[in-house]
Amino acid sequence: MTFNEKRWPQLRWLWLALLVVIIDLGTKAMATAWLSYGQPVPVLPMFNLTLLHNTGAAFSFLASESGWQRWIFITLALVVSAVLVRWLSQLKRNETWLAIAVVLILGGALGNVYDRIVHGYVVDFIHLHWGGYHFPAFNIADSAITIGAIMLIIDMFRKPAADEAIKKD
């Protein structure tokens, strides 16, 4: 065990954020190379691959603006990423669940911010639908952020029980 692992034990999970970024950017590159923009490719009855570009945030929030939102979203993602790394560095060795949640959100944020910096938009390609309802297209980074956020919510409900167990010991 190195000095850093003793001081910042949960930073060891940063490899997972890097893996999310690699998978996200790889799948976005494949979608861009193999799919025609806006043309759905059916995979399953409720699942298409559809290449789309999102200049907005979640659910295309602010996508119709003139371009200023790109820099706001880049700045916000970089600030949030720095906060997440700081938070991760302060987690205790036994807070593995929380560390994984944080690095999933971090990896997703970095994958999408790369797109915003390089392309000016986020590449989306996963398109779910049911009947006449179409869920907004998303990507691997969005999925990692969502899973990490769900884990954070679950952690909020797990915390009191974990804290009680620590007090009993």
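The values are calculated or read from the model by the stated rules, or taken from the named source; none is laboratory data. Remember, it's a predicted structure, so these values are computed and weren't measured experimentally. Glycine also receives a Cβ, built like all others from the backbone with ideal geometry; neighbour counts cover every protein chain displayed.
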Next item on the list: Within the stretch 67-84, identify whether any single residue is out of contact with any Asp or Glu (no Cβ under 6 Å at 6 or more places or on another chain), in a loop (DSSP other than H, G, I, E, B) and either at pLDDT 65 or above or over 30 Å from Leu11 (Cα atoms) (or both), and answer yes or no.
Entry: yes
Next item on the list: Among the residues of the stretch 116-146, count how many are touching a Lys or Arg at 6+ places or on another chain (Cβ under 7 Å) and either among the hydroxyl-bearing types (Ser, Thr, Tyr) or not in a strand (DSSP E or B) (or both).
Entry: 3
Next item on the list: Assess whether Leu98 counts as being hydrophobic (A, V, I, L, M, F, W, C), more than 16 Å from the chain's Cα centre (by Cα) and either part of a helix (DSSP H, G or I) or at pLDDT 90 or above (or both).
Entry: no
